[in-house]
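What follows is a set of notes on a single structure, which appears directly below.
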Amino acid sequence: MSTITFEDVGRSFDSVAALKNVNLHVRDKEFVVIVGPSGCGKTTCLRMAAGLDFPSSGVVRVGNREVVAPGPDRAVVFQQFALFPWKSVYDNVDFGLRNKGVPTAERADRIAAVLKVMSLEGYERSFPHQLSGGMQQRVAIARAYVLDPAVLLMDEPFGALDAQTRVLMQEELVRLARVNPRTVLFITHGVEEAVYLADRVAVMTSRPGCIKEIIDVRSIREAERWNSLPRIEDVMDLESFVHLRTTIWKSLREEKTEEQH
Amino acid sequence: MRARPAAGPSNVEILVLGVAGLAVFFGLWAALSGFGLVPPRFLPSPAAVAQRMFFLLDHPFASATLPLHVLSSLGRYALGFLLAAAIGVPLGLFMGWYGLLDDIVSPVFNALRFIAPIAWVPFAALWFGTGIGGPIMVIFTGAFPPCLINAYRGARFVDVKFLEAAQTLGASNLRIILEVLLPASIPSIVSGLRVGAGLGWQSLVGAELIVAASGVGYMMVQGQSAVSTPTVLSGMIAIGMVGYCVDLVLREVEALTRRRRGVV
Amino acid sequence: MRRGRRRILVGCCTALAILALWTIATVFTSLISAGRFPSPPQVWGAARQIATDGYADGTLLQHALRSLRLVIMGFLFAVAIGAPLGILMGASRRFEAFITPVFSIIRPIPPLAWIPLAILWLGLGDAAKIMVIFFAAFVPSVINSHSGVRAIEAHLLEASQVLGARGFTHVREVLVPGAMPMIFTGLRLSLQASWTTLVAAELVGALAGLGRVLNVAQQDIYPAMILVAMAAVAVLGWGTTRLLDMIESRAMRWLPVKP
């Protein structure tokens with residue numbers, strides 16, 4: 001069972017509280033998106049689940065074990081892709097597998113499979129700088145996916161992409177999630193992205209951040225049969241979508257005006 | 001604050017490790033010399049070196065005390081470095097602006113650049129004997145390239161926007177150079193001065209080993225001829241300390257210029 | 001490119017002009033006396049002499065090879081120890097804390113200042129030269145390798161952690177390639193320092209090598225030969241640097257921009 005649990009988590013930097021009393025439980029194979037204003041600490045939450053940062057108070061657990069270090073069981077997709085520029089696409093994807101000790105033949109198969117799924121066939125020998133932003137992010141996702149991680153942590157992965165590419169990637173991610181579901185924690189400040197991708201959306205307050213409210217999207221999505229519409233524009237036209245989006249938007253708006261005072 | 005697993009070392013740990021490193025270094029040194037594992041001719045004990053240094057502070061060796069030698073070296077160094085900066089920086093700026101000047105000077109400069117400053121010593125000896133001109137020339141050769149190159153680069157790679165703004169505001173060439181290129185290039189120039197100062201100091205040492213009748217380098221060579229290792233080591237320490245102080249001053253100047261501009 | 005062509009043209013004109021002025025000043029007038037600076041024919045004569053008959057107990061080739069050999073040995077020795085040391089210092093803050101104070105003592109001592117000590121310890125032979133070159137080339141390699149590792153972007157280091165890279169794999173496949181550009185900068189500086197130090201060491205005292213040629217020529221008051229030796233040093237310095245550049249290009253094919 002791969003759940004993510006934030007129990008009363010707080011994080012301070014030099015006596016400035018970035019996070020306070022964060023409580024969130026991500027169920028097994030659930031896709032949860034955290035939205036919030038910039039600087040509210042949502043990235044910090046993700047980093048703590050990854051083991052790249054540690055809470056000042058409270059506990060972060062994955063499965064039932066406290067997170068103490070980063071590892072391939074909680075694969076991270078970074079906003080800046082973080083592909084090794086000196087390694088080819090193939091070697092980048094291969095890296096995590098080798099560290100896990102996966103035997104050679106199996107590695108080749110798994111890499112080939114994941115590259116096919118991410119439409120990267122033919123680019124095995126290319127270097128990151130030769131690829132477009134969208135393709136680089138696909139490599140980053142492939143690199144995480146190939147490890148078959150229990151938990152996938154995505155930090156505004158489409159933030160650096162142009163609008164059209166972003167939409168395509170969102171559709172692709174939804175496709176992947178339906179076919180091969182796993183526990184996902186996704187960070188964004190785009191409300192539409194959140195509603196489109198998530199099973200549940202957690203709205204975070206501005207600093208010091210905590211979870212303000214959690215909105216269930218999945219039940220509405222399944223009731224309204226969003227899956228029957230392949231294109232994101234069609235889904236975004238639905239009344240149920242618009243309603244959810246506006247609810248979350250308003251919630252965030254309150255936070256923004258809070259901030260400005 | 002919760003304890004963080006496997007984080008970086010604390011400040012205390014850093015201090016302790018640093019002290020440990022120094023302890024190992026000096027301990028090894030003292031042990032090698034103290035237990036007679038290495039003859040004193042090769043490696044005098046740290047105490048012997050310290051003793052010699054203090055001795056040289058007011059007893060002359062090779063015709064002057066240590067402080068006098070240092071002053072002598074510093075004097076030449078200052079002259080050589082200032083000459084290099086006074087010629088290199090303006091020349092670099094003008095080369096950055098006037099393409100023709102650049103085309104004329106650059107090939108000559110690039111041809112001469114690969115000649116190690118020290119290789120000029122024989123000519124310096126031939127032309128100046130053991131006079132002050134020799135070391136100054138060698139220092140100049142060492143300090144000049146970075147001063148020139150950095151001023152040149154600073155001027156060449158000034159953001160075009162500034163130049164266009166100045167030109168549309170009707171500035172003359174000289175004004176552009178003085179009021180746009182120069183201020184914009186200051187970080188690069190200061191960086192170049194710092195590197196030049198370092199190279200100049202090194203060249204000085206080399207020159208003094210061969211063509212001087214005073215100065216710390218000269219003192220060291222005489223110490224070597226007299227097989228007085230403590231003297232040689234004292235000289236090395238003195239040279240290191242002065243070089244470090246000069247670099248420290250320039251490093252502060254560099255940081256100051258960066259701060260004033262709000263640039264990281 | 002008009003600018004490029006003009007540059008070459010101006011360069012050639014300048015070279016010719018300098019050559020002309022030089023010849024006039026030395027051969028046709030006595031603006032510069034023969035004892036101060038040689039004339040072009042004198043330089044040519046000296047070059048021929050050392051290339052065929054030899055000077056200071058050896059031909060140009062022999063001296064050059066001798067110097068080259070020492071530089072390469074000292075350089076490789078220094079880099080083989082210095083670069084890994086710098087990388088380790090970049091990788092481990094603890095190791096860095098341990099080494100830094102001692103290194104800060106060694107670092108300000110100009111490489112040439114090691115020469116008298118080297119002579120005291122090892123005499124005038126090859127070993128002393130290699131020792132001095134070692135200390136000269138060692139410092140830039142350490143500093144630049146260290147900086148290179150520290151300059152690697154944080155998210156690349158984090159990615160490596162997340163992907164489960166253990167110590168040695170992390171160093172070999174992430175730190176070293178990531179720091180390569182600066183490691184090579186350090187190598188270039190080390191090579192430069194190696195040449196400078198060797199020439200200086202040979203000037204102070206040597207039995208063979210280009211520095212010795214310089215020394216003997218100076219004592220013989222033979223400026224033409226001094227110039228020939230200086231040119232030889234410059235050519236070898238330039239050549240070894242080009243070789244290093246070529247190695248760098250091949251090692252870093254993954255870079256989008258030429259280093």
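FYI, it's all coordinate maths here, none of it is from the lab. Bear in mind the structure is a predicted one, so any value in this text is a computation, not a measurement. Cβ: placed from backbone, ideal geometry, glycine included. Neighbour counts: every protein chain shown.
To test your reading of the geometry: what angle, between 0 and 90 degrees and rounded to tens, separates the Cα axis of helix B:229-261 from the longest principal axis of chain B?
30
Between segment C:179-215 and segment C:1-80, how many Å separate their Cα centres?
The two parts, judged by their Cα centres, are 18 Å apart.
Rounded, prolate or oblate for segment A:103-181? Axes are the square roots of the Cα gyration tensor eigenvalues, ordered a ≥ b ≥ c, and the cut-off for rounded is a/c under 1.5.
oblate
Starting from the Cα gyration tensor of chain A, take the square roots of the eigenvalues, sort them a ≥ b ≥ c, and report rounded, prolate or oblate (rounded when a/c is under 1.5, otherwise prolate if a/b is larger than b/c, else oblate).
Values: a/c = 1.74, a/b = 1.27, b/c = 1.38.
Oblate shape, in that a/c is at least 1.5 and b/c is the bigger or equal ratio.
Please sort B:138-151, A:37-50, C:144-157 by packing, taking for each peptide the average over its residues of neighbouring beta carbons within 10 angstrom, highest first. Working shown, then result.
Working: B:138-151: 26.4, A:37-50: 22.3, C:144-157: 19.4.
Highest to lowest by the protection proxy: B:138-151, A:37-50, C:144-157.
In peptide C:169-175, what is the residue-averaged number of other protein chain Cβ atoms found within 10 Å of each Cβ?
Mean partner-chain Cβ count within 10 Å for C:169-175: 2.
Could you work out the relative contact order of chain C? I mean the mean sequence separation of Cα pairs under 8 Å and 6+ apart, divided by the number of residues, in percent. If you can, show how the numbers build up before the last one.
On the way: 282 pairs, mean separation 61.7, N = 259.
With pairs under 8 Å counted, the relative contact order is 24 percent.
Quick one: which of A:62-71, B:200-209, A:227-236, C:162-171 comes out on top by average Cβ neighbours within 10 Å, and what's the full order, highest first? Spell out each step's value before the answer.
Working: A:62-71: 16.1, B:200-209: 29.7, A:227-236: 13.0, C:162-171: 17.8.
The packing order, highest mean first, is B:200-209, C:162-171, A:62-71, A:227-236.
In what sequence do A:Ile141, C:Ile106 fall when counting other Cβ within 10 Å, fewest first?
Exposure proxy ranking, most exposed first: C:Ile106, A:Ile141.
Per-residue mean of other chain beta-carbon atoms within 10 angstrom of the beta-carbon, peptide C:88-101?
4
Segment A:214-255: Rg/Rh from Cα coordinates, Kirkwood Rh?
1.02
Would you give the gap between the C-alpha center of segment B:57-113 and the C-alpha center of segment A:1-37, rounded to a whole Å?
60
For segment A:204-216, take each phi angle, set θ = phi - 60°, evaluate the Karplus expression 6.51 cos²θ - 1.76 cosθ + 1.60, and give the result in whole Hz per residue in order, putting x for glycine and proline.
Listing the rounded values in order: 9, 7, 6, 4, x, x, 8, 6, 7, 7, 10, 10, 7 Hz.
Tell me, in nm to one decimal, what length is gained between A:Arg98 and A:Glu239 on full extension, where the rule is 0.36 nm per residue of separation less the Cα-Cα distance?
46.0 nm
Could you sort out which of A:Lys29/A:Lys212; A:Lys20/A:Lys100; A:Lys42/B:Lys161; A:Lys87/B:Lys161; A:Lys116/A:Lys212 sit more than 31 Å apart by Cα distance in this structure?
A:Lys20/A:Lys100; A:Lys42/B:Lys161; A:Lys87/B:Lys161; A:Lys116/A:Lys212
So what's the back-of-envelope 222 nm ellipticity for the protein assembly as shown, counting only DSSP H runs of four-plus at -39500 (n - 2.57) apiece and dividing by all residues, rounded to 500?
-21500 deg cm²/dmol
Taking the highest mean first, how do the peptides C:131-137, B:123-129 order by number of other beta carbon atoms within 10 angstrom per residue?
C:131-137, B:123-129
Explain nothing, just compute: Karplus ³J(HN,Hα) = 6.51 cos²θ - 1.76 cosθ + 1.60, θ = phi - 60°, for every residue of segment A:138-151 in order, whole Hz, x for Gly and Pro.
5, 5, 4, 5, 4, 4, 7, 5, 4, 7, 6, x, 5, 10
Fewest first, what order do A:Met1, C:Met73 take by the number of other Cβ atoms within 10 Å? Can you show the working numbers first?
Details: A:Met1 9, C:Met73 16.
Ordered from fewest to most neighbouring Cβ atoms within 10 Å, A:Met1, C:Met73 come out as A:Met1, C:Met73.
Along the Cα→Cβ direction, 7 angstrom out, place labels at A:His25 and A:Glu124. What is the inter-label distance in nm?
Label at A:His25, label at A:Glu124, 4.5 nm between them.
Could you please tell me the mean projected area of the C-alpha convex hull for the protein assembly as shown, averaged over all directions and given in square nanometres to one decimal?
Values: hull surface 169.7 nm².
Averaged projected area of the protein assembly as shown's Cα convex hull equals 42.4 nm².
Calculate the tail of P(r) for segment C:155-243: the fraction of all Cα-Cα distances greater than 22 Å, expressed in %.
51
What's the average, rounded to a whole number, of partner chain beta-carbon atoms within 10 Å of each residue's beta-carbon in B:203-212?
Neighbouring Cβ atoms belonging to other protein chains average 5 per residue here.
Over chain B, what is the relative contact order in whole percent, taking alpha-carbon pairs under 8 Å and six or more residues apart? Can you show the working numbers first?
Values: 308 pairs, mean separation 61.0, N = 264.
Rounded, it is 23 percent for chain B.
Scan segment A:92-174 for trypsin sites (Lys or Arg not before Pro) in coil per DSSP, keeping those whose Cβ has at most 11 other Cβ atoms within 10 Å, and list them by number. Intermediate results must be reported in sequence, preceding the final value.
Details: sites: A:Arg98, A:Lys100, A:Arg107, A:Arg110, A:Lys116, A:Arg125, A:Arg138, A:Arg143, A:Arg166; in loops: A:Arg125.
Hits after loop and neighbour filter: A:Arg125.
Work out which helices of chain C, taken as complete DSSP H runs, extend at least 20 Å along their axis over the Cα atoms and score a mean Kyte-Doolittle of -0.5 or more, then list them.
The qualifying helices are C:2-23, C:60-91, C:126-150, C:176-204, C:223-251.
Based on the Kirkwood radius over alpha-carbon pairs, what value in µm²/s does the Stokes-Einstein equation return for the translational diffusion coefficient of segment A:1-45 at 10 °C and 1.306 mPa s?
136
What's the angle, to the nearest 10 degrees (0 to 90), between helix A:163-179's Cα axis and the longest principal axis of chain A?
Roughly 80 degrees, rounded to the nearest 10.
Would you mind classifying segment B:117-181 by shape? Square roots of the alpha carbon gyration tensor eigenvalues, ordered a ≥ b ≥ c; an a/c under 1.5 is rounded, otherwise it is prolate if a/b is larger than b/c and oblate if not. Walk me through the numbers before you get to the answer.
Working: a/c = 6.43, a/b = 3.40, b/c = 1.89.
It comes out prolate by the Cα gyration axes.
Running Debye on chain B with equal point scatterers at the Cα sites and no solvent, what base-10 log of I(q)/I(0) appears at q = 0.08, 0.09, 0.11 Å⁻¹?
The Cα Debye sum returns log10 ratios of -0.48, -0.59, -0.79.
Note down the relative contact order for chain A as a percent, whole number, built from C-alpha pairs under 8 angstrom at least six residues apart.
After rounding, I find 27 percent.
Using the C-alpha atoms of chain C, what convex hull volume per residue, in cubic angstrom, is computed? Walk me through the numbers before you get to the answer.
Details: hull volume 43.0 nm³, N = 259.
Cα-based convex hull of chain C, divided per residue, equals 166 Å³.
Angle check, please: helix B:46-58 long axis (alpha carbons) against the longest principal axis of chain B (alpha carbons), in degrees 0 to 90, nearest 10.
70
Over all directions, how big on average is the projection of the convex hull of the alpha-carbon atoms in segment C:1-93, in square nanometres?
Reported value for the Cα convex hull: 12.3 nm².
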